[in-house]
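I have placed the structure first, in the form of structure tokens, so that the comments after it can refer back to it.
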Amino acid sequence: TQSTWGSVQRFVILKMSLLHVSDDGLTQICTFVGLAGLMHLSHTSRSVMSMLKSPSVAIHLDFVEHRDILDEGVCILIEKWAEQIQTVYFTACRRVGSKSLMSLSLFCPRLRKLNLIGCSVEMEAINELIEKTPLLEELAMSECCDADEFLLTLSESCPRLEVLVFTASDEDLREGLKALSSQCTSLRACTLFFDQVDPNALLGLQSLPSLRKLYLHQYSPSAAEVRHLSEVCAHLTSLHLSEPISMDSMKALSVFTRLERLELGRVPFPLPLDGMRVFASAFPSLRALYLSAPSYSSWVELEGQSLLYSDGFRNPVRVYHDASRVVQVQVSDFEWISCLASSSPHLEELSVSLPEGKPNDFLCKCLAACYFPKLRNLTLENGVTSASALLLVPLLPQLTELWLSSCPAVEDVVVQAIAQHGTRLKVLILSGLPLITDLGCRALTALGPQLEHLDMSYGFELVTTKCLNELLAACVKLTVFRPPGLCFNDSSTEVLCGACGPRLREMSVAETSVTARSIYKLGDSAPALENLDGWNEDDDAFLYVKAKCRRLWTACQD
């Protein structure tokens, strides 16, 4: 009824997709954004509304990030379509609670996908929902207070589970992980956030031949656990470890010969050459490699190639004349790069983030001496010099993405080389380059027509507004733009909106000279805008953009 729709509209903003179920699988019919559209359809198109009630239509509810969504409105919506609902995403809906889960438990036995990240729900409601939705295939949720019991319930109730994301805070998870691996044999992707769990918890996993992707956060596996994983998850193609990992564990990773994507958040430094040779020669199918030194490491350059390492947590570094604390770093320490080039011919993405100074220069020299035939995405940061960056010019013609950030010594000559040789670049990240002047900025104009993502933030301080506007006028395909500082003003916004307004999806105005006039202009010219960062979300101009751009996320979150 009209009154029902009115009450729902006050509580819910969502995106709904209609999927037709046939022997050939699911075919998307159409997508509605916002319940106002559905209200209109209810009066003008009886065929569409009858299609909503057809048993061959599966309904996908994707609740956008909105803090005003309440349980009452969600429950009305769930009861309306009941058994047809197969997917519900409550991502970042902070006011959605246990009542919505109770409705799902009672009315949605065909539920297959559920996302509860950022919701405040009780474990009792989650467990009851799991017990009544045996067809569940994907589940994502935030912190779980009794993770071991939750895993036991999930394993018994949802044998078809394929994707799991959750945060565990129990001390002992072995029994839960054992049950999960023995009963959910179709599990293919698992993301675990560990918080104060028992060491060696992963030893509870049993054979998971279908598991292809494993992401571990806040947990550093031992070498014994890595070897155990290689036995029970031998077919892994993607592995992400965010916490510090020892060299012994890195060597143990070499048994995962089928890996296509490997991300190690905090690797030991300096990297022992012998160990890195074993590591770099182990992955013939590797397509993406991300390595970074610990973020809390502190380095001080001493004489030439000598570096002093202190593993204090953001504590000031004191220079001691103790030979045992001085680490000698030489270009030969990075010869493992050549092993990687010869052993992983399919490598497409490479990111190596090291402490500032000589290590990055040595890395560039070794990269320049190697041949990566399929490399498309390269990330370098933390103090690369102009001379070292220029060594990589031969790689530029094959790159589609280049990330060069936090390099205060990089000058115009590097940007000019990028503009001249980066003929295939679509994503260009040049953040934290304060020495770039109009010469470098004007050179980038040649790349403007092909760029889709451009980041000039925290740098380009010597560039004039006139030169920046010339560059923006050429960027007709931009979807993501992060401008430099004060030289970006209202006139720059006008030029940007005129060149690529309808395409623009993400935009930042932080640390710029724009006024509310620019924000209103974005609302009128960029209907596809999803993220606007750097402006007060309670301001009238921001609210205007939110009303005009339905996809806009709440960028200024608490």
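The values are calculated or read from the model by the stated rules, or taken from the named source; none is laboratory data. All values reported here derive from a predicted model rather than from experimental measurement. Note that each Cβ is placed from the backbone with ideal geometry, even for glycine, and that neighbours are counted across all protein chains shown. Calculation scope for accessible area: heavy atoms of the full protein, side chains included, ligands and nucleic acids excluded. Shrake-Rupley method; radii C 1.70, N 1.55, O 1.52, S 1.80 Å.
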If amide H atoms are built 1.01 Å from N in the plane of the peptide, which residues on other chains or at least 5 residues away come under 5 Å of the amide H of Gly97? Asp71
Those GluC sites (Glu not before Pro) in the range 431-485 that DSSP places in a loop and that have at most 16 other beta carbons within 10 Å: Glu461
At a probe radius of 1.4 Å, what is the per-residue accessible area of Trp403, in Å² to the nearest 10? 90 Å²
Heads up, I need the accessible area for Tyr544: 1.4 angstrom probe, whole protein in place, Å², nearest 10. 70 Å²
Cross-link table Lys132/Lys178; Lys213/Lys365; Lys365/Lys466, entries beyond 31 Å C-alpha to C-alpha: Lys213/Lys365; Lys365/Lys466
